[in-house]
Each structure stands twice: as C-alpha cells, then as structure tokens.
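Inspection log for the structure reproduced underneath, given as structure tokens.
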Amino acid sequence: MRIAFLGTRGIPANYGGFETFVEEVAVRLAAKGHDVTVYCRATHYKERLKTYRGVRLVYQSTIHTKHLDSITHCFVSTWHMVRHGADVGCYCSSGNSAFTWLARMFGVKVVLNTDGLEWERAKWNKAAKMYFKFAEWLAAKFSNVLIADSRVIKEYYKKKFGRDTTFVAYGADVVERGFKKELLKDFGVEPEKYFLFVSRLEPENNAHHLVKAFEGVKTDMTCLVVGSAPFADDYIRELKATKDSRIKFPGGLYGDIYKALQANAYVYVNAMEVGGTHPAILEAMGAGNCVLVSDISYNVEAVAHAGVCYKTREVEDLRKKLQWCVDNPEEVARYRKIAVERVKAEYDWDQITDDYERIFAETVAG
C-alpha cells in the first residue's frame, strides 16, 4: 500500500506524542514493505533528510503562526498527496480534518486519529475553539475510518455525532530500569532521586501546579520539569521564576537522554487537565515508573490500577500525594512492577502497527 501520514511536525520525532506515534508506526510499516510517506513542516527541521529508516520524508512550508501553522501545512500536504498519489492518508488530530474532503475527492481513503478534544485547551481563543468543534464534525463526516486511542473519546464521537470509532491504543516501549544512567550527570541528578514531569509547557498541562506543590514537599530530591512549547515564552518564564533550587527545567529532550530520564526517575508526574491519552504517561510506565497523575478520565483509563491519582487542579492534594510517594518507597516499587506489566499487555507498538495495517488494508479494499 501507498500510505501517507499528515498533520504532524514530522519525523524523526522531536516534539510530541503524535510525532512519536508516526515514527513508531511508519517505520514498522515501511519494514513490512509498504510505500510510506510522512509530511514534515519545513520550519521545524534544520536538517532535511530525504528518507528516514525506510520512510520517505516530504517537507512543506507553512504560515508559521500559532493559529495557521498546522492548517496551512495540512492543506499543502494534502494537495501534494493527491497529486503524487496515495492509497490512504492517515491524518493526525481532528483539528487537521479541514481538507479530508479534498483527499476523498481525489480517491484517497482517509483514516483519522482524533486525538483529544482540542477546543478544551486554554491556549485557544474563542474563534479557534469554534473551529476545532467544527473540525470534529468534518472528521466525523469525511473520514472513512475514525480512530481513537481513548475509549472516552470513542464514546464522545458516538454520542455527539452518532459516528462509530475504532479504538486503537497509543503505544510505548518497555525500557530496562537503569537504562544509560550515566547520562543523568548532565542534569545534576542521581538515579531514583528525582521526580520527573514531561509535557508541553502550556497552561492546561499544569506544570505551574507541580512547581507550587513541590515547593511544599519535604525532600532533598529534585524535580525535573522537561518540555517546551512554541508561542509560550511568557508562561515558561513564569515557571522558571520559582526560588526552589530543587526544581530544574532542562527543556525538551528526546532519544536516549529522554529514555534515561524516564528509566531512572523515582516517580513520574502528569498534571494535565484536558486532552486524550498522554503518551509520556505510557512511556513512563514502560520505563518502570510509579506514575502520579491527575484524575481526569483519560489518565484514569490509561493508568487503571497501575498508578496513583490526585484531584485535578487541586495543588494541595498534589502536594500530599507527592509527599506520600517520598514517604512510601515500598509502594512506589510495587506500582513500578504493575506499570510495566500493563504496558506489555496493552500498549505494544508492534501490535498497534498490525492494527493500523489491517485498518488501512480494509479501508483501501472498500
């Protein structure tokens, strides 16, 4: 099959969850013998590879602003795809559904991974929120197949649009505990002696709640707040204004350094209040972490019995749970083992790739 992936910044992944998803699945599909293309944003890559691990890379320019970057890239990528041919286009996020009708008009089958509910995010103004709600309707209307990596989202599309959605989980690798711990020295931390937060540093992911809560925790451990975000300089500056020297901000990290931080942390923390399945949670579980997450429905679904939850947006409850983790290392160790077993059973990338391959084949076959 000729398969195209659209709607992300591209691969090699160096931004977020959808980029990681595309890299993991596209590379595996290429290894199976499929002709795979990934559309990349030209502004996001200084080095522009023609291929990556068997996958063809196509770079397209965008109008690089907060509100137009994604949609303009989706348009030019869709136009390139229909002119050069593809059997199926896999769009990432319902927010990128605006030109799925164009793909359909030229005979390209459309599979769309919905992601979470983008209009819930605080960073968008009223007009943008209205667009994202409209984009959900477009996704439900013009996609041959809708995929959700959360059963909560699956139920949302069924209830709101009467549209059936196929559930396929996000994936995560199992990383050996203690993986490349020598890399930690660059961050001034030791194995098992730091809390780890990984997310885009945007208000709805609540890094500011973690900073405030950790300031009240009695421990000599460090808190690493890993991540970055475009168009969020003021917010990131506010985070870094903390006077607590235990809290450090190493920026966005990827590859072996990121895996090493996951595989040697004491506890992984996620404080998000909106969105779908958060990839970093699954990655933390796969790296043998005890995870402490906000109790929104997406997190509860992903973690199940394999982690600890706190009340969303309640800083004091987060502080109490952080302190509980410090004071109960035996329970932290118990949750680590459960987390790894859950990832092995539910979030295997090879199985997820097989699921997408089957869906693509069935969709192309009509």
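The values are calculated or read from the model by the stated rules, or taken from the named source; none is laboratory data. Given the structure is predicted, the values throughout are model-derived calculations rather than measurements. Note that each Cβ is placed from the backbone with ideal geometry, even for glycine, and that neighbours are counted across all protein chains shown.
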- Query: When only residues in segment 107-128 that are farther than 22 Å from residue 299 by Cα and loosely packed, with under 15 Cβ neighbours inside 10 Å count, which is modelled with the lowest pLDDT?
  - Reply: 125
- Item | Residue list for segment 4-18, restricted to those being in contact with a Ser or Thr (Cβ under 6 Å, 6 or more places away or on another chain) and closer than 19 Å to residue 85 by Cα | 4, 6, 7
- What are the residue pairs meeting all of these: first residue in segment 353-366, first residue assigned to a helix (DSSP H, G or I), second residue modelled with pLDDT under 95, Cβ atoms under 9 Å, and 6 or more apart or on different chains? 353/171; 355/169
- Show the residue pairs that are 6+ apart or on different chains and have beta-carbon atoms under 8 Å apart, the first residue being within segment 227-247 and of a type in the set (A, V, I, L, M), the second being in a strand (DSSP E or B). 236/249; 239/225; 239/249; 247/222; 247/223; 247/225
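At pLDDT 95 or above, over 24 Å from residue 117 (Cα atoms) and either of a type in the set (Ser, Thr, Tyr) or in contact with a helix residue (DSSP H, G or I) (Cβ under 7 Å, 6 or more places away or on another chain) (or both): is that true of residue 322 in this structure?
Numbers: at pLDDT 95 or above: yes; over 24 Å from residue 117 (Cα atoms): yes; either of a type in the set (Ser, Thr, Tyr) or in contact with a helix residue (DSSP H, G or I) (Cβ under 7 Å, 6 or more places away or on another chain) (or both): yes.
It is true that residue 322 is at pLDDT 95 or above, over 24 Å from residue 117 (Cα atoms) and either of a type in the set (Ser, Thr, Tyr) or in contact with a helix residue (DSSP H, G or I) (Cβ under 7 Å, 6 or more places away or on another chain) (or both).
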- Which ones in segment 145-174 are touching a Gly at 6+ places or on another chain (Cβ under 6 Å) and farther than 25 Å from residue 88 by Cα? 173, 174
- Query: Applying the selection to segment 77-103, what residues are touching a strand residue (DSSP E or B) at 6+ places or on another chain (Cβ under 8 Å), closer than 27 Å to residue 276 by Cα and in contact (Cβ under 8 Å) with a residue 40 or more places away in the chain?
  - Reply: 77, 78, 88, 89, 90, 91, 92, 93, 94, 96, 97, 100
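Would you confirm whether any residue within segment 190-199 is within 30 Å of residue 327 (Cα to Cα), in a helix (DSSP H, G or I), touching a residue at least 12 places away in the same chain (Cβ under 8 Å) and in the same structural domain as residue 277 (by TED's automatic domain parsing)?
The answer is no; no qualifying residue exists.
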- Would segment 161-182 turn up any residue that is exposed (fewer than 15 other Cβ atoms within 10 Å of the Cβ), of a type in the set (A, V, I, L, M, F, W, C) and free of Cβ contacts under 8 Å to residues at least 60 places away in the same chain? yes
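Among the residues that make up segment 238-261, is at least one of them farther than 21 Å from residue 19 by Cα, among the acidic types (Asp, Glu), out of contact with any Cys (no Cβ under 7 Å at 6 or more places or on another chain) and surrounded by fewer than 24 Cβ atoms within 10 Å (Cβ to Cβ)?
Start the filter on segment 238-261 by keeping residues that are farther than 21 Å from residue 19 by Cα, which leaves 238-249.
With the extra rule that they be among the acidic types (Asp, Glu), the set shrinks to 238, 244.
Those still in the list that are out of contact with any Cys (no Cβ under 7 Å at 6 or more places or on another chain) too: 238, 244.
In the following step, the residues that additionally are surrounded by fewer than 24 Cβ atoms within 10 Å (Cβ to Cβ) were identified as 238, 244.
Yes, segment 238-261 has at least one match.
When only residues in segment 302-340 that are aromatic (Phe, Trp, Tyr) and surrounded by 21 or more Cβ atoms within 10 Å (Cβ to Cβ) count, which is nearest to the chain's Cα centre (by Cα)?
Ranking the candidates gives 310 first.
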- Query: List the pairs whose first member sits in segment 109-122 and is on the phi < 0 side of the Ramachandran plot, whose second member is basic (Lys, Arg), and whose Cβ atoms are under 7 Å apart, counting only residues at least 6 apart or on separate chains?
  - Reply: 110/104; 119/129; 119/133
- Message: Restricting to segment 220-276, give me the number of residues that are in a helix (DSSP H, G or I), of a type in the set (Val, Ile, Thr) and under 25 Å from residue 303 (Cβ atoms).
- Response: 1
- Message: Just the residues that are surrounded by fewer than 17 Cβ atoms within 10 Å (Cβ to Cβ) and out of contact with any helix residue (DSSP H, G or I) (no Cβ under 8 Å at 6 or more places or on another chain), please, taken from segment 57-71.
- Response: 65, 66, 68
